[in-house]
1. Looking at A:V52, A:V19, can you tell me which residue is over 18 Å from A:T129 (Cβ atoms) and either more than 14 Å from chain B (Cβ to nearest Cβ) or among the aromatic types (F, W, Y) (or both)?
2. Given (1) at pLDDT below 95; (2) surrounded by 16 or more Cβ atoms within 10 Å (Cβ to Cβ), identify the lone condition not met by B:A83.
3. From the residues in the range A:109-137 that are in contact with a helix residue (DSSP H, G or I) (Cβ under 7 Å, 6 or more places away or on another chain), surrounded by 20 or more Cβ atoms within 10 Å (Cβ to Cβ) and under 29 Å from B:D62 (Cβ atoms), which one is nearest to the other protein chains (Cβ to nearest Cβ)?
4. If you take the residues in the range B:23-67 that are within 18 Å of B:A8 (Cβ to Cβ) and hydroxyl-bearing (S, T, Y), which one is farthest from the other protein chains (Cβ to nearest Cβ)?
5. Tell me which residues, restricted to the range B:15-34, are among the hydrophobic types (A, V, I, L, M, F, W, C) and not in a helix (DSSP H, G or I).
6. Could you tell me which of the residues A:L57, A:L70, A:L85 is more than 14 Å from chain B (Cβ to nearest Cβ), closer than 20 Å to A:L22 by Cβ and surrounded by fewer than 18 Cβ atoms within 10 Å (Cβ to Cβ)?
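The values are calculated or read from the model by the stated rules, or taken from the named source; none is laboratory data. For clarity, every value in this text was computed on a predicted model and none was experimentally measured. All Cβ positions, glycine included, derive from the backbone under ideal geometry; neighbour counts span all protein chains shown.
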Amino acid sequence: MTTAAILEKLPYSAPFLFVDTLEAIDEQQVTGSFTFRPDMEFYKGHFKGYPVTPGVLLTEVMAQIGLVCLGIYLTGGPEGVSFGLTSTHVEFMRPVLPGEKVTVTGEKIYFRFGKLKCRVTMINAQGETVSSGEIAGMIVHPANRNS
Amino acid sequence: MDKTALMATIKEVVAPYTKNPEALATLNEDTDFLRDLKINSANLVDVVLDVEEKFNIVIDNDSMEKMINVRSAMEVVENKLAAP
């Protein structure tokens with residue numbers, strides 16, 4: 001599957017799409033990037049007079065690129081199938097300021113019994129590690145989405 | 001491996017994932033992973049993978065689906081260990 005096809009199959013749209021480009025993907029790992037535009041709404045409130053990207057959004061970028069994109073690649077992204085987030089263990093080392101571009105690499109730890117677990121690392125434009133950790137999700141089928 | 005040792009090992013494997021220490025303390029063959037130990041279904045995958053590692057076996061999808069309580073987990077492990 002091409003990176004363009006994966007981007008097409010992502011189940012997100014603005015204002016909650018946090019993948020700009022995918023640089024590489026194979027059975028084992030994925031690399032992609034996202035730029036936090038200075039005009040993004042949440043910077044008005046996080047923090048008051050001192051805009052810094054919230055950790056939950058860094059986690060979201062890590063999950064969308066490092067877990068969901070790889071999950072779509074590994075499953076072929078059949079219609080109606082998506083990933084439900086099941087756990088995040090993430091450490092944050094550096095702040096990400098408005099306008100910064102971050103690059104995420106997700107490496108598969110395992111994909112068994114419908115659960116994908118990845119080691120995910122985020123770096124900034126200087127190549128410094130911003131955050132890293134382990135994120136997991138499970139395939140969710142439409143039939144049991146509400147169960 | 002006798003049943004007591006097998007159950008002790010399974011208890012050790014599920015311990016980090018259980019949300020119910022009382023049920024873990026009184027763990028027996030009838031202890032249900034989801035209902036009694038309150039292990040969430042995503043972590044049940046990790047329990048199965050840890051069982052594989054502990055006993056050096058490979059568990060297929062059908063066996064995984066059977067592993068709902070301590071008894072069925074013990075049976076799956078015993079069958080896999082007995083297989084040539």
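1. Working: A:V52 fails: over 18 Å from A:T129 (Cβ atoms).
Unique residue meeting the criteria: A:V19.
2. Tallying (1) at pLDDT below 95; (2) surrounded by 16 or more Cβ atoms within 10 Å (Cβ to Cβ), B:A83 fails exactly one: (2).
3. Within the range A:109-137, the match that is nearest to the other protein chains (Cβ to nearest Cβ) is A:K115.
4. So the residue we want is B:T26.
5. Kept after step one, since they are among the hydrophobic types (A, V, I, L, M, F, W, C), are these residues of the range B:15-34: B:15, B:23-25, B:27, B:33-34.
Across the range B:15-34, the qualifying residues are B:L27, B:F33, B:L34.
6. A:L57
Here is a yes/no grid of residues against (1) touching a Lys or Arg at 6+ places or on another chain (Cβ under 9 Å); (2) among the hydroxyl-bearing types (S, T, Y); (3) closer than 18 Å to A:K9 by Cβ:
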{"residue": "A:V68", "(1), (2), (3)": "no, no, yes"}
{"residue": "A:T86", "(1), (2), (3)": "yes, yes, no"}
{"residue": "A:G99", "(1), (2), (3)": "yes, no, no"}
{"residue": "A:K115", "(1), (2), (3)": "no, no, no"}
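This table checks each residue for (1) touching a Phe, Trp or Tyr at 6+ places or on another chain (Cβ under 7 Å); (2) acidic (D, E); (3) without any contact (Cβ under 8 Å) to a residue 24 or more places away in the chain.
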position: B:M1; (1), (2), (3): no, no, no
position: B:T9; (1), (2), (3): no, no, no
position: B:E22; (1), (2), (3): no, yes, yes
position: B:E52; (1), (2), (3): no, yes, yes
position: B:N56; (1), (2), (3): no, no, yes
position: B:D62; (1), (2), (3): no, yes, yes
position: B:M67; (1), (2), (3): no, no, no
